[in-house]
Amino acid sequence: MKASNWTVYGQELGSRLFIGTALYPSPKVMVDAIRASRAEVITVSLRRQSANQAHSGEQFWQMIEELNCHLLPNTAGCYSVKEAVKTAHMARELFGTDWVKLEVMGDSYNLQPDPFALVEATRILIEDGFKVFPYTTDDLVLCQKLADLGCEVLMPWGAPIGTGQGLLNPYALKTLRERLPELTLLVDAGIGKPSDAVQAMELGFDGILLNTAIAEALEPETMAYAFADAINAGRLAYEAGIMPKRDNAKPSTPTLDQPIWQQG
Amino acid sequence: MTSNQQQIQFNGEPLSIDQTQTVSAFLESQAVGGRFIVVINDEVVPKSNWDQHAIQAGDQIEIMSPISGG
């Protein structure tokens, strides 16, 4: 059984997994893993050609065209509003989409987003007609500010990028889900294993964006299948309604009409 | 550098090119191919302007291409 479809900035999607295109051991492994993941959105980036590489990027472009996925360009490596806005404009021209995964880093050690620059860059890019997917911390007030600016989608981290530590602060993520019920929320970054993704989906998150956990698995294609199933399972569980936890045991087998010698 | 040449920066490297070159002519002369955009002095030059946009001395021309990203 497949979980319900969902909509991202007006685009209906079946898969709730966004997958990155970086860090795979080879282009073929990347393509096989993305196909196995059944993802319909892939993240991409852009760089200046070096002087001796007049055709760099051509092979990569051909591969992602054949995948026929929606493209979500990022602003990776940007540490200021100016850099991020400039990169977003270049990405829109290069990839032909107004979607942008907005990254404005504030710390190079843990790649934590700069909340102040993120808000300012989001404001500018929304004014410029972009559909912004901010990579953000799980801070409720920051996320509210981003929503107030017009973001329909927010992508709080589970843990710092590439750490695979899972959901370091489930309370904060649960709070975001409860306080921002109208927003589309994806956990972006920090997911290490399929059970991390299940946990996020069971909290009511709409989707997961991940890269390293699949790309750096010993068998990326197999791990992509695992994540696809895990995300679907987590969403189905959320839609089905998870039972509340209880402090006391409650028998699952009916006690009525038990044989007389078992009744106290 | 002869008098009909001008100095620019191309992908971070100094380069001497003919004066009065459009972006289209410059790209052809440098054999730039594949999927790319042109950024001059931090501004994207839309493809629709490549035939009209004349390169000026001192311009910083960058060719941006797709790469993998997370």
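The values are calculated or read from the model by the stated rules, or taken from the named source; none is laboratory data. Remember, predicted model here, so these are calculated numbers, not experimental data. Neighbour counts are summed over all protein chains in view; Cβ atoms, including those assigned to glycine, are modelled from backbone coordinates with ideal geometry.
Descriptive notes on the structure:
- Test: residue in segment A:84-95 that is among the acidic types (Asp, Glu) and more than 13 Å from chain B (Cβ to nearest Cβ): no
- Among (1) crowded, with 16+ Cβ neighbours inside 10 Å; (2) away from chain B (no Cβ under 12 Å); (3) not in a loop (DSSP other than H, G, I, E, B), the one test that residue A:28 misses: (1)
- Pairs where the first residue, in segment A:242-261, is within 30 Å of residue A:200 (Cα to Cα) and the second is surrounded by 10 or more Cβ atoms within 10 Å (Cβ to Cβ), C-beta under 9 Å, 6+ apart: A:242/A:202
- Screening segment A:2-23 for residues that are within 14 Å of chain B (Cβ to nearest Cβ) and surrounded by 22 or more Cβ atoms within 10 Å (Cβ to Cβ) and picking the one that is nearest to residue B:64 (Cα to Cα) gives A:21.
- Condition check for residue A:182: modelled with pLDDT of 95 or more and not in a loop (DSSP other than H, G, I, E, B): no
- Scanning segment A:223-241 for residues that are without any contact (Cβ under 8 Å) to a residue 40 or more places away in the chain and assigned to a helix (DSSP H, G or I) yields A:226, A:229, A:230, A:233, A:234, A:237, A:238, A:240.
- Taking segment A:53-63 as the range and being at the interface with chain B (Cβ under 9 Å from one of its Cβ atoms) and farther than 22 Å from residue B:46 by Cβ as the test, the residues that pass are A:53, A:59, A:60, A:62.
- When A:132, A:141 are screened for being at pLDDT 95 or above, out of contact with any Lys or Arg (no Cβ under 8 Å at 6 or more places or on another chain) and closer than 19 Å to residue A:168 by Cα, only A:141 passes.
- Any chance residue A:66 is more than 9 Å from chain B (Cβ to nearest Cβ), farther than 29 Å from residue A:145 by Cβ and in contact (Cβ under 8 Å) with a residue 24 or more places away in the chain: yes
- Counting only strands (runs of 3 or more DSSP E) that sit wholly inside chain B, those with at least 2 residues that are surrounded by fewer than 18 Cβ atoms within 10 Å (Cβ to Cβ) and more than 7 Å from chain A (Cβ to nearest Cβ) are B:5-10, B:13-18.
- Residue count for segment A:69-83 satisfying the condition of being more than 8 Å from every other protein chain (Cβ to nearest Cβ) and farther than 18 Å from residue A:151 by Cβ: 7.
- With respect to the conditions (1) over 25 Å from residue A:117 (Cα atoms); (2) crowded, with 18+ Cβ neighbours inside 10 Å; (3) touching a residue at least 60 places away in the same chain (Cβ under 8 Å), residue A:60 falls short on a single one, namely (3).
A quick yes/no check of all residues on (1) loosely packed, with under 10 Cβ neighbours inside 10 Å; (2) farther than 15 Å from residue A:197 by Cβ; (3) in contact with a Cys (Cβ under 9 Å, 6 or more places away or on another chain):
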position: A:216; (1), (2), (3): no, yes, no
position: A:221; (1), (2), (3): no, yes, no
position: A:225; (1), (2), (3): no, no, no
position: A:230; (1), (2), (3): no, no, no
position: A:234; (1), (2), (3): no, no, no
position: A:250; (1), (2), (3): yes, yes, no
position: A:255; (1), (2), (3): yes, yes, no
